[in-house]
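Chemist: Sharing a structure below in structure tokens format, with a few things to ask.
Coordinate-derived values only; no laboratory data. For clarity, every value in this text was computed on a predicted model and none was experimentally measured. We place every Cβ from the backbone using ideal geometry, glycine too, and count neighbours over all the protein chains shown.
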Protein chains: 2
Amino acid sequence: MKDVAALDAADPLRTMRERFELPAGVIYLDGNSLGPPPKAAFAELEQAARQEWGEGLIRSWNSAGWFTLTDVLGDRVGRLIGAEPGQTVVTDTTSINIYKALHAALALRPDRTVILAEADSFPTDLYMAESVAAARPGTSLRLMAADEPVESLVDERTAVVLVNHVDYRSGVLRDMASLTRRVQAAGALVVWEYLNGGPGAPAFVFVARRHHDRLVQPLSGWWAHAQPFAMANRYQPASGIRRMLCGTQPILSLRALKAALDVFDDVDLVELRAKSLALTGLFMDLLDPICREFGMHIITPRDPAIRGSHVSVACEHGYEVVQALIARGIIGDFRAPDIMRFGFTPLYLRYRDVLDAAKALADILRRGAWQEPRFAVRSLVA
Amino acid sequence: MKDVAALDAADPLRTMRERFELPAGVIYLDGNSLGPPPKAAFAELEQAARQEWGEGLIRSWNSAGWFTLTDVLGDRVGRLIGAEPGQTVVTDTTSINIYKALHAALALRPDRTVILAEADSFPTDLYMAESVAAARPGTSLRLMAADEPVESLVDERTAVVLVNHVDYRSGVLRDMASLTRRVQAAGALVVWEYLNGGPGAPAFVFVARRHHDRLVQPLSGWWAHAQPFAMANRYQPASGIRRMLCGTQPILSLRALKAALDVFDDVDLVELRAKSLALTGLFMDLLDPICREFGMHIITPRDPAIRGSHVSVACEHGYEVVQALIARGIIGDFRAPDIMRFGFTPLYLRYRDVLDAAKALADILRRGAWQEPRFAVRSLVA
């Protein structure tokens, strides 16, 4: 048995856990879908609601900086994804930003007619791609299987490749830098789907500065106008990344995101990634004998170079097992047809949580506890 | 002088003021742009953040009803606009919903090629209309002046008319029922821009049930899918109004909106409209002698049938006068080139507030107090 107490004591990120609100008795392995609130988010929301909205009222658009939150928070997300300032904005939803980015990419490659996307993408990506392809005559959406090498499919007809950094089912991580270089060398563009946030957190979009001057997207709302307060009746796009904005943004939800970015200010991303791999690696090591005993298998790669921050396990009765785990306070999730998915978020998870989760899983399987009828009732959001 | 104390005492809506958080010493005449928070919004946000997000975590998508908020709140907005259930959803931003609605309208009128919109629209409406027209070959955007009668411009080429219920500058109210009937009689559709909310409050969209089966809009995100959790890789639109949804929505901001709708549950809309007209009517009566004295004029109509809930006054030094009013705690706003705009929201304004605002305006003009240099500094959001 690993000495998880020693691992936790030596963890350079161990103090970050205190900055999150975590319910007692819960080991939360679904932060890849919805993260827990940073404690500071409550104060941030209260200030935004009581002081800025309640006291400042309309004046807060200026005095509280509401109008520039899209840019200020965008640059802070930019730091996390390695983008220089002025190329990232926080705005709208992921679906909508994919729509804008794909439209913009097609406009930048007018002579190319194919959008290439992963058949196993999170579906909203594909629905948006389908719509964008349908809007331009002669353009088609080509879906690629998980085992097809992207570069072999990119040719002179490919306008844009839409890929996920981490496959939401298997946990496979793509090499973003390398794939981007190879697709660009073939003359195409890449749109990456990336990161996650709070309950319906505002999304972000990054576009490299070299594209800004020719950037065109159809959701041309007033926040994307060169002079939003001139109230001109013709659209004139803003310069720079602001032309990826659209309409007025949900300030309260933006402020909860700000609290999360405050936490990341104190995080070394190299340490974060190292701990992520250590957590998923430990979980897979602990799972190996359990998988052998119960005929399950881990589908997430062992190779750290292509492993995201969750571990997916194929298990015939995965749905019921996940429900039995949740009943014990260990919250993971299930993806049809048979995938149990466990996310490991380095900022608030401890090595002992990983051990406890693996022990609980083994216990449920050994006792057959997942066979209780109450665990078979499927809910709307599985 | 009107007996405002008697009017306040007889006001059937007088108790509603207690349900809003209003800063001390402020008369808020900008609720048409950003309303003050209902007091219940703070508790609602705290519950959504601490209990549902913090304790419930991912489970709250089901247990707290997050996933159906778009529909549940949509039907509650529907009651306010006179829509039967199942035809209204709260989702995305006004800009984005206009984009969807115009695309859908063009698809329903494939043989017609003109979008007709008001040149004096709030600009984001026009930017979206410009984009939608550009996306379909042969389609054009025709702008109409404020004094052009809409029905004379609608012909067999008109696919859709985009109009505002209340002109944001002048306060002119359109007769929605009558105009809709006349446009529809000419075979075209109407998209109305309507209502307002919190700081970046989620918007809503209503589509009459008879159009649902043929409703197509390009922002085909996973929330608009027939089976969002089937994770199918082809888009299949939901039945009914849900096909106007797109991606995951900002739950925290939705919850603040819920608190506002709770207040409206106890409001008789006929009383609301009557008080709105009484407040704007009183303000105009009080302004008449001031306008004569200082060469200003009221541009909002006297006729209650075509008067919204704000009063706009053309005034050469309007910008500075509005700033001087704000410095005294009377918050209205200014619209270029010379319009002072005062919004009267019946739920929290008293007749004595109207009197105090008119008195303060007269005092500022008589003393020339607006000429202080500090009132001439223009800020980003005027």
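Chemist: Taking all pairs of distinct Cα atoms, average 1/r, flip it, and tell me the Kirkwood hydrodynamic radius of the range B:111-189 in Å to one decimal place. Display every interim value, and only then the final one.
Modeler: Values: mean 1/r = 0.0782 Å⁻¹.
Computed over the range B:111-189, the radius equals 12.8 Å.
Chemist: As a test, work out the antiparallel percent of DSSP beta bridges whose residues both lie in the range B:111-189, rounded to the nearest 5.
Modeler: Working: 1 of 11 bridges.
Bridges in the range B:111-189 that DSSP calls antiparallel: roughly 10 percent.
Chemist: What is the local net charge at residue B:110, summed over the other residues whose Cβ is closer than 14 Å to its Cβ (Lys, Arg +1; Asp, Glu -1)?
Modeler: Numbers: positive: B:109, B:112, B:136, B:157, B:214; negative: B:111, B:156.
The answer is +3.
Chemist: Let me ask something else. For the range B:229-382, what class follows from the C-alpha gyration tensor (a ≥ b ≥ c being the square roots of its eigenvalues): rounded when a/c is under 1.5, otherwise prolate if a/b is larger than b/c, else oblate?
Modeler: Values: a/c = 2.69, a/b = 1.92, b/c = 1.40.
Cα axes put the range B:229-382 in the prolate bin.
Chemist: Averaged over A:45-55, how many beta carbons belonging to a partner chain fall within 10 Å of each residue's beta carbon?
Modeler: Working: counts 9, 4, 0, 4, 11, 5, 1, 2, 11, 9, 7.
The mean count of partner-chain Cβ atoms within 10 Å per residue comes to 6.
Chemist: Would you calculate the separation in nanometres between label points at residue B:268 and residue A:376, each defined as 7 Å from the Cα along the Cα-to-beta-carbon direction?
Modeler: Here the modelled spin labels are 5.6 nm apart.
Chemist: Only Lys, Arg, Asp and Glu count, each charged at its Cβ (+1, +1, -1, -1), so figure out the dipole size of the protein assembly as shown about its Cα centre, rounded to 20 debye.
Modeler: Roughly 600 debye, rounded to the nearest 20.
Chemist: To continue, here is another question. Among B:216-222, A:311-317, A:332-338, how do they line up by average Cβ neighbours within 10 Å per residue, starting with the highest?
Modeler: Details: B:216-222: 23.4, A:311-317: 20.9, A:332-338: 17.7.
For the peptides B:216-222, A:311-317, A:332-338, the packing ranking is B:216-222, A:311-317, A:332-338.
Chemist: Moving on to the next point. For chain A, with a Gaussian network of springs between Cα atoms less than 10 Å apart, report the residue from A:26, A:166, A:321 with the top mean-square fluctuation.
Modeler: The residue that fluctuates most here is A:26.
Chemist: Provide the per-residue ³J(HN,Hα) series for the range B:49-56, in order, calculated from phi with Karplus coefficients 6.51, -1.76, 1.60 and θ = phi - 60°, each as a whole number of Hz, with x at glycine and proline positions.
Modeler: 7, 6, 7, 6, 6, x, 8, x
Chemist: How far, in degrees from 0 to 90, does helix A:176-185 lean away from the longest principal axis of the Cα atoms of chain A, to the nearest 10?
Modeler: 40
Chemist: Identify all lysines with a Cα-Cα distance to residue A:359 below 20 Å; exclude those on the same chain that are fewer than 8 residues away in sequence.
Modeler: Straight-line reach from residue A:359, under 20 Å: A:2.
Chemist: So, one more: Treating only the Cβ atoms of Lys and Arg (+1) and Asp and Glu (-1) as charged, compute the dipole magnitude of the range B:268-336 about its Cα centre; round to the nearest 20 debye.
Modeler: Details: 7 positive and 9 negative charges, 19 e Å.
Charge dipole, the range B:268-336, about its Cα centre: 100 debye, nearest 20.
Chemist: How many nanometers, to one decimal and shortest first, lie between the label point of residue A:352 and those of its other copies, if labels sit 7 Å from Cα toward Cβ?
Modeler: Distances to the matching label points in the other copies: 6.1 nm.
Chemist: Would you work out which of A:211, A:199, A:227 lies farthest towards the positive end of the dipole of the range A:183-249? Charges go on Cβ: Lys and Arg +1, Asp and Glu -1.
Modeler: The listed residue farthest towards the positive side: A:227.
Chemist: Quick one: compute the contact order of the range B:111-189, relative version, from alpha carbon pairs under 8 angstrom and 6+ residues apart, as a percent. All intermediate terms of the calculation are to be shown ahead of the outcome.
Modeler: Values: 107 pairs, mean separation 29.0, N = 79.
Reported relative contact order: 37 percent.
Chemist: Please report A:277, B:57 as a ranked list, fewest other C-beta atoms within 10 angstrom at the top and most at the bottom.
Modeler: Details: A:277 17, B:57 24.
Going from sparsest to densest Cβ surroundings: A:277, B:57.
Chemist: Turning to a different aspect of this structure: Please give the Cα centre distance for the range B:247-305 versus the range B:332-350, rounded to the nearest Å.
Modeler: Centre-to-centre distance over Cα atoms comes out at 9 Å.
Chemist: Please determine, in degrees from 0 to 90 and to the nearest 10, the orientation of helix A:94-108 with respect to the longest principal axis defined by the Cα atoms of chain A, where the helix direction is its Cα long axis.
Modeler: 50
Chemist: First check a/c for chain B, with a ≥ b ≥ c the square roots of the eigenvalues of its C-alpha gyration tensor; if it is under 1.5, answer rounded, and if not, answer prolate when a/b is larger than b/c or oblate otherwise. Numbers along the way, then the final one.
Modeler: Numbers: a/c = 2.04, a/b = 1.35, b/c = 1.51.
Oblate is the answer for chain B, as a/c is 1.5 or above yet b/c matches or exceeds a/b.
Chemist: What is the order of A:15, A:139, A:94, fewest Cβ neighbours within 10 Å to most? Please report the intermediate quantities before stating the final value.
Modeler: Details: A:15 9, A:139 16, A:94 26.
Ordered from fewest to most neighbouring Cβ atoms within 10 Å, A:15, A:139, A:94 come out as A:15, A:139, A:94.
Chemist: Quantify how strongly other chains surround peptide B:7-15 by giving the mean number of their Cβ atoms within 10 Å of each of its Cβ atoms.
Modeler: On the way: counts 0, 0, 0, 0, 0, 0, 0, 0, 0.
Other-chain Cβ atoms within 10 Å of each residue's Cβ, averaged: 0.
Chemist: Let me ask another. Looking at the protein assembly as shown, what % of the alpha carbon pairs are farther apart than 38 Å?
Modeler: Values: 122234 of 291466 pairs.
In whole percent, the long-distance tail amounts to 42.
Chemist: What percent antiparallel are the DSSP beta bridges of the range A:42-263, to the nearest 5?
Modeler: In the range A:42-263, approximately 25 percent of DSSP beta bridges are antiparallel ones.
Chemist: Per residue of the range B:123-136, what does 6.51 cos²θ - 1.76 cosθ + 1.60 with θ = phi - 60° give for ³J(HN,Hα)? Whole Hz please, x for Gly and Pro, Karplus curve as stated.
Modeler: Running phi through 6.51 cos²θ - 1.76 cosθ + 1.60 with θ = phi - 60° gives x, 4, 4, 6, 5, 5, 4, 4, 5, 5, 4, 5, 7, 10 Hz.
Chemist: Still on this structure, please answer the following. Where Rh is the Kirkwood radius over the Cα pairs of the range A:165-319, the temperature 10 °C and the viscosity 1.306 mPa s, what D in µm²/s does Stokes-Einstein return? Walk me through the intermediate numbers first.
Modeler: Working: Rh = 19.4 Å.
After rounding, the answer is 82 µm²/s.
Chemist: Excluding residues fewer than 8 places away in the same chain, name every one of the lysines whose C-alpha is closer than 28 Å to that of residue B:39.
Modeler: A:39, A:258, B:258, B:275
Chemist: Using Cα pairs under 8 angstrom and six or more residues apart, how large is the relative contact order of the range A:42-263, in percent? Don't jump to the answer; show the numbers that get you there.
Modeler: Numbers: 350 pairs, mean separation 55.9, N = 222.
In percent, rounded to a whole number, it is 25.
Chemist: Rank A:160, A:207, A:172 by mean-square fluctuation in a GNM of chain A with C-alpha springs under 10 angstrom and give only the top-ranked residue.
Modeler: A:207
Chemist: Run the label-point distances for residue A:274 please: 7 Å along Cα to Cβ, every other copy, nanometres, shortest first.
Modeler: From this label point to the equivalent ones elsewhere in the assembly: 7.3 nm.
Chemist: Give a residue-ordered list of calculated ³J(HN,Hα) values for the range A:266-272 (Karplus: 6.51 cos²θ - 1.76 cosθ + 1.60, θ = phi - 60°; whole Hz; x for Gly, Pro).
Modeler: Computed from phi, the couplings for the range A:266-272 are 9, 10, 8, 5, 5, 5, 4 Hz.
Chemist: Just need log10 I(q)/I(0) for the range B:296-382 at q = 0.13 Å⁻¹, Debye formula, equal scatterers on the alpha-carbon atoms, no solvent, rounded to two decimals.
Modeler: Each listed q corresponds, in turn, to -0.42.
Chemist: How many partner chain Cβ atoms sit within 10 Å of a residue's Cβ in peptide B:23-33, on average, as a whole number? If you can, show how the numbers build up before the last one.
Modeler: Details: counts 5, 1, 0, 2, 0, 2, 1, 3, 2, 1, 3.
Taking the mean over all residues of the peptide, I get 2.
Chemist: Sticking with this one: Using only the Cα atoms of the range A:42-263, what do you get for the radius of gyration and for Dmax, in Å?
Modeler: That works out to 18.3, 59 Å for Rg and Dmax.
Chemist: Right, another one. For labels at residue A:367 and residue B:3 in the simple 7 Å Cα→Cβ model, what's the distance in nm?
Modeler: Simple spin-label model gives 7.7 nm for this pair.
Chemist: Out of the DSSP beta bridges found with both residues in the protein assembly as shown, what percent are antiparallel (nearest 5)? If you can, show how the numbers build up before the last one.
Modeler: Values: 34 of 66 bridges.
Roughly 50 percent of the DSSP beta bridges within the protein assembly as shown come out antiparallel.
Chemist: Continuing with this model, one more query. Using Cβ counts within 10 Å as a stand-in for footprinting exposure, how do B:7, B:325 rank, fewest first? Please report the intermediate quantities before stating the final value.
Modeler: Details: B:7 19, B:325 26.
Listed from fewest to most nearby Cβ atoms, that is B:7, B:325.
Chemist: Once all Cα-Cα distances of the range B:1-135 are split into 10 Å bins that start at 0, what whole-number percent is in each one?
Modeler: With a bin width of 10 Å, the distribution comes to 9, 21, 30, 24, 14, 3.
Chemist: Measuring label to label, 7 Å along Cα→Cβ, what does residue A:294 give against each other copy in nm, shortest first?
Modeler: 7.6
Chemist: Over chain A, what is the mean sequence separation of C-alpha contacts under 8 Å (at least six apart), divided by residue count, expressed as relative contact order in percent?
Modeler: Value for chain A: 23 percent.
Chemist: If you place +1 on the Cβ of every Lys and Arg and -1 on the Cβ of every Asp and Glu, how big does the dipole about the Cα centre of the range A:187-288 come out, in debye to the nearest 20? Walk me through the numbers before you get to the answer.
Modeler: Numbers: 10 positive and 9 negative charges, 166 e Å.
In total the dipole reaches around 800 debye.
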